[in-house]
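S.K.: Have a look at this one before I ask anything.
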Amino acid sequence: FKLPKIEGNIDFNQISFSYPSRPDTWVLRNIDIHIPAYQTTVFVGESGSGKSTIAQLIQRLYEPDEGLIMLDGRELRILNISWLRQQIGVVSQEPVLFDDTIFANVAYGRADYWNTTMEEVEDACKLACIHDFITELPQGYNTSLGDMGKKLSGGQRQRIAIARALIKDPAILILDEASSALDTTSDLMVQEALENCRKNRTTIVITHQLKYIGDSDLVYVLHEGEIVETGTKSQLLNINNGYYNKLSVEHSPHPKRRTHELDSINKRLGTPTSLQSNIPTPSPKAKSFTTLDFLSVDLSITPPPSATFSRKSWYLDESTDMDMLQETATYPKTKKPKFQFPILKLIRDTMDSKPLYFVGLIATIINGFVMPVFSFVLANLLNTYSIPDKDELVSKSREFALYVLLIAAINGISSHFKYYLLERASERWAVRLRHLGFGRIIRQPQSWFDKPENATGKVTTILTTDTESSKNLVGHFAGNVIFGMVSLFVGI
Ligand SMILES: Nc1ncnc2c1ncn2[C@@H]1O[C@H](COP(=O)(O)OP(=O)(O)OP(=O)(O)O)[C@@H](O)[C@H]1O
Ligand SMILES: [Mg+2]
């Protein structure tokens, strides 16, 4: 479902939320928020109070446990997720830049980035106050950030991220500012860039820099997952002993603030602290899955009727198949799978060079005949020496010598095709499996990546080593087994 026109009024009604990886710790508790369209709403609060979480809920990276989030009066969860994300520009706390040119890094902000023109990219960069810096680089917009990335300052990285968010001209802009102090000049530049982009759109700013909050901005103060104060800057400053007042005192680097940040880091890292000691450790039974699991399962299975769908099943559009996959990932283990050799089904469904593979198998079978037939011919050749008649000896030995030559030729040709075709077909298959696997991984909901068994390192290993093993299984291994069996039977 897509809204015909988007204003950008966002409402949180009694939202409670805990991260799926820590279900017993409330991160947000009974929150009510109104974010008015075309205005700037600011969220402040100490580190770990839940500000970035609010931004994640608006993007529907997670679903709330309780309550409803509305966009222009419609429930967020019924809206098409790709449409929704196209309406929202996000500059996250730690902007991610890709190993690509500056042009591409900005253009990626748009769904149809291949249609983006240099003019559009330049306009976005001008708004983000980074255009001048880019044009001074020797290669300008074609500078690769792979080499440059580390040389950019925090503020420059953020401004490139701002340009990326602006290029799609989003109705809603979310700016999650890093708490780490940027150097003063780039900090000012970032602020100027932000001023440029707030105009005419719903802007949500998460900041620790209270001094940049505008007089008319609506401010929400968060404390331990609850909204404790709301109002304009001047209203909040008038509350004696209020949270906002405390934050403005803590604004300069202060021991207490640092303790908060340390606390937050500890929480993120899962280091047990007194507060966190009741957090369950991940179950040791947590299943580590393999490429075969997630590819074959998806291809062969419709969800069992009894599948219980958790909140993940709210993803109703392009991610749906992956959610179902996730729900059913253990299905073959619990119910007996219909198909006994999932790898054969996988090959059938995903190998696109089957004819090549098939010819490779035939070559393997032919190659399997070579050894026993050769032994038979050689024995006959040696036998000819016992023939008393000289002429017959010569003609017979010539005949068998010719057979040996023929067998050598067949051996050469068949082993060439055996190795070349099996290797080629299985390598292409492995590449395809990697593409399919990667395509499915990037469609997973955010909560999937939070699970320890789906950590980046593990998922990458699956994509590289498991596909390599699958390749070897259908290439070398299958080839050798068939070769051995044929040799054995023919030999007998
Ligand atoms: N993916 C996650 N899984 C589990 N817990 C998380 C996750 N992300 C954040 N948290 C926890 O949720 C709480 C709120 O985090 P959040 O990132 O919203 O804080 P924040 O207000 O943005 O802090 P900061 O100002 O440091 O950015 C913290 O206790 C944090 O440890
Ligand atoms: Mg944050």
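S.K.: Scan the stretch 396-434 for residues that are surrounded by fewer than 13 Cβ atoms within 10 Å (Cβ to Cβ) and not hydrophobic (A, V, I, L, M, F, W, C) and jot them down.
M.R.: Arg398, Gly412, His416 - these are the residues of the stretch 396-434 that are surrounded by fewer than 13 Cβ atoms within 10 Å (Cβ to Cβ) and not hydrophobic (A, V, I, L, M, F, W, C).
S.K.: Filter the stretch 195-227 for residues that are open to solvent by 30 Å² or more (accessible area, probe 1.4 Å), in contact with a Lys or Arg (Cβ under 7 Å, 6 or more places away or on another chain) and touching a residue at least 60 places away in the same chain (Cβ under 8 Å) and give the result.
M.R.: Glu226
S.K.: Hey, another quick one. Please enumerate the residues belonging to the stretch 77-94 that are open to solvent by 10 Å² or more (accessible area, probe 1.4 Å), of a type outside the set (Lys, Arg) and either free of Cβ contacts under 8 Å to residues at least 60 places away in the same chain or closer than 25 Å to Ala193 by Cβ (or both).
M.R.: Gln86, Gln87, Val90, Ser92, Gln93, Glu94
S.K.: Still on this model: Please enumerate the residues belonging to the stretch 470-492 that are under 19 Å from Leu346 (Cβ atoms) and either in contact (Cβ under 8 Å) with a residue 24 or more places away in the chain or not assigned by TED's automatic domain parsing to the domain that holds Gly368 (or both).
M.R.: Ser470, Lys471, Asn472, Leu473, Val474, Gly475, His476, Ala478, Gly479, Ile482
S.K.: So Ala107 clears everything in (1) open to solvent by less than 30 Å² (accessible area, probe 1.4 Å); (2) within 16 Å of ligand 1 (Cβ to nearest atom); (3) under 28 Å from the mean Cα position of the chain (by Cα) except one condition, right? Which one?
M.R.: All conditions pass for Ala107, except number (2).
S.K.: Tell me which strands (runs of 3 or more DSSP E) are completely within the stretch 30-118 and hold 1 or more residues being within 16 Å of ligand 2 (Cβ to nearest atom) and aliphatic (A, V, I, L, M), or say none if there are none.
M.R.: It comes to 40-45, 88-91.
S.K.: What are the pairs with Cβ atoms under 8 angstrom where one residue, in the stretch 28-57, is under 17 Å from Gly231 (Cα atoms) and the other, located anywhere, is within 9 Å of ligand 2 (Cβ to nearest atom) and open to solvent by 10 Å² or more (accessible area, probe 1.4 Å)? Sequence gap at least six, or different chains.
M.R.: Phe43/Lys51; Val44/Lys51; Gly45/Lys51; Lys51/Asp176
S.K.: Residues that are of a type in the set (D, E, K, R), surrounded by fewer than 21 Cβ atoms within 10 Å (Cβ to Cβ) and in a loop (DSSP other than H, G, I, E, B): does the stretch 8-16 have at least one?
M.R.: No, the stretch 8-16 has no match at all.
The values are calculated or read from the model by the stated rules, or taken from the named source; none is laboratory data. Just so you know, these numbers come straight off a predicted model, no measurement behind them. We place every Cβ from the backbone using ideal geometry, glycine too, and count neighbours over all the protein chains shown. When the accessible area is computed, the model is the full protein with side chains, heavy atoms only, and any ligands, DNA or RNA have been set aside. Shrake-Rupley method; radii C 1.70, N 1.55, O 1.52, S 1.80 Å.
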